[in-house]
1. Rounded to the nearest 500 deg cm²/dmol, what is the calculated helix-only ellipticity per residue at 222 nm for the chain, with -39500 (n - 2.57) per DSSP H run of length n ≥ 4?
2. Ranking request for peptides 348-356, 50-58, 179-187: highest mean number of other beta-carbon atoms within 10 Å first, then the rest in descending order.
3. Can you pull the Rg over Rh of segment 1-119, Cα-only, Kirkwood?
4. Once you have the Cα-Cα distance between Arg384 and Ala258, take 0.36 nm times their residue separation minus that, and quote the gain in nm to one decimal.
5. How high is the relative contact order of segment 239-302, in percent, with contacts defined as C-alpha pairs under 8 Å that are six or more residues apart?
6. Against the longest principal axis of the chain, how steep is helix 112-125, in degrees 0 to 90 to the nearest 10, with axes from Cα atoms?
7. Assuming 0.36 nm per residue, please report the length gained on full extension of the stretch Ala31 to Arg164 beyond their Cα-Cα distance.
8. Top to bottom by accessible area (1.4 Å), largest first, where do Met195, Met98 land?
Amino acid sequence: MELAELIAPLAPEHFLADYWGRKPVHIPAPAGSNRAAVIGWERLNQLLGVRTHWGPEHIKLLLNSAPVAPDFYMDAVPGRGGTRRFADPAKVEMFLAMGASLVADAVEQVAPEIRALTDALARRFSARVEANLYCSFQGIQAFASHCDLHEVFAIHCVGEKRWRIYANRAENPLEPLTGDDAQARIDAAKGPVLMDVTLRPGDVLYIPRGYFHDALASSAESLHLTLGITPHSGKLLFELLQDMALREPAFRAYLADARAQDGQALAGQLAALGARLSELARSRALLEEVTLRQRQLAASGRDLALPERPMLDFYARTDRAASVAWLETGASLRTGAGDQPLGPIADAADYALSRPAVSVQELRARFAHHPEAEIGALLAQLVRLGLLQPYRPEL
């Protein structure tokens, strides 16, 4: 399932222009849609049987909106790597019989069919995408009103669920509200109801980050899959700029004493450092680094085709000198013939030049965040410059 199928009959260009990051939208299932088939009870039962996935970080039970202590449904399971805790399916089933709600996180890690969907959305939005399952029962609310820190697509699979989305919105939140009065602050801030919709099998609800909402099953049982989409935010720049700045002596120097010259020395030093930070923020190097991080965030997994084994295409390193230089003007390939720009694929170039031999398949696997076409173009460039040459090892 790609974005177009996920939001049909809404056209992707319409969705991206009018809704993505802007406002919520309810997309009823079109005639003939099989969106609800993304998961059902039989498949959920199978997945819950993959016991080693369901540690405390991946499964939660909530009863009357309060979390159930993991000790009540987790078992200590000894293994070669030590004792770990995993959910006991029988205990989980017991709490569900009592009316508890189930939250199963990171389902894409154990369900290849769901991973195909999360991978497609990750590529589309240059983002991390996770899939969580929510199982709840009529009249029992798992979560009070809240907002998410990411974009949300909810695909309804079984039963019916009533969603209320409120008019007010937290602006680009990065951390959840905490403290004893957090829920009271949310309830005071959420405003009037903006949308009141009931989702049925195959319906999709999109909720942008920050919109306050809550949901309640309106049928005997309800099952839906939520896709959380989290692109990088501007917070990433602080990490990258720190790494870039600390390569320069001026940023490693002590700051002037604020008492000296009535603070003028410190003010001048801070102004100079700030101006330099501004230059780094506008540099080609930062643009390439952000591009690389986005690619890494959206990197997809690869399905195996065993027992088939691909024929490896090897290249051997020649003795011609070359290196990769990360400059303010961008990453470059440095050879005796001069510098050539590399762009975000510099990490793959650096690795290829550091090895006595490397295969196309190894580069594709190790640097799966880069398009295969760019890997091929890089190898062709290194061969053309005489830095690599085709090589077939003796088997």
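1. Working: 13 runs with 126 residues, N = 395.
It lands at -9500 deg cm²/dmol.
2. Numbers: 348-356: 16.8, 50-58: 14.9, 179-187: 11.7.
Ranked from most to least packed, the peptides come out as 348-356, 50-58, 179-187.
3. On the way: Rg = 18.1 Å, Rh = 16.9 Å.
Dividing the radius of gyration by the Kirkwood radius yields 1.07.
4. Details: separation 126, 0.36 × 126 = 45.36 nm, distance 5.65 nm.
So the extension gain works out to 39.7 nm.
5. Working: 26 pairs, mean separation 20.3, N = 64.
Value for segment 239-302: 32 percent.
6. Around 60 degrees separate the two axes.
7. Working: separation 133, 0.36 × 133 = 47.88 nm, distance 2.49 nm.
Here the answer is 45.4 nm.
8. Details: Met195 35, Met98 110 Å².
Highest to lowest solvent-accessible surface, that is Met98, Met195.
The values are calculated or read from the model by the stated rules, or taken from the named source; none is laboratory data. Nothing here was measured: the structure is a model prediction, and the numbers come from that model. Cβ: placed from backbone, ideal geometry, glycine included. Neighbour counts: every protein chain shown. Only protein heavy atoms, including side chains, enter the accessible area calculation; ligands, DNA and RNA are left aside. Shrake-Rupley method; radii C 1.70, N 1.55, O 1.52, S 1.80 Å.
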